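The structure appears right after this line, and notes come after that.
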Amino acid sequence: MDRSALRHEPEMCIVCEKLKHNGIHLYTSFICSDCEQEMVRTDTGDPRYSYFVRQLKAVQSPKCIHDQAY
């Protein structure tokens, strides 16, 4: 693994709610690499799938402000 890809400060994962160094940002939210991999591999019939969906509802998309002048 490329050491330059490691984050210096841990961030709170919105799925497992633990501080982790490695992961992705989805808008303004952080998902750790462990949870990302588990979500990708989880079948929709698995009870954990519903949990992941609930946790991902916390993701807030950035608001875009457009110039409304025509």
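Read the figures in this text as sums done on the coordinates, not as results from a lab. Computed from a prediction, not measured in an experiment: that's the story for all the values here. In this analysis, Cβ positions are derived from the backbone assuming ideal geometry, glycine residues included, and neighbour counts consider all displayed protein chains.
Placing dummy labels 7 Å off each Cα toward the beta-carbon, the span from Val53 to Leu26 is 1.3 nm. Among 37-49, 11-23, sorting by the average number of other beta carbon atoms lying within 10 angstrom of each residue, highest first, gives 11-23, 37-49. Across every direction, the projection of the convex hull enclosing the Cα atoms of the stretch 6-51 has a mean area of 3.3 nm². Rounded to the nearest Hz, the phi-derived 3J(HN,Hα) couplings of the stretch 12-19 under the Karplus curve 6.51 cos²θ - 1.76 cosθ + 1.60 (θ = phi - 60°) are 7, 6, 6, 8, 8, 6, 10, 6, where x marks glycine and proline.
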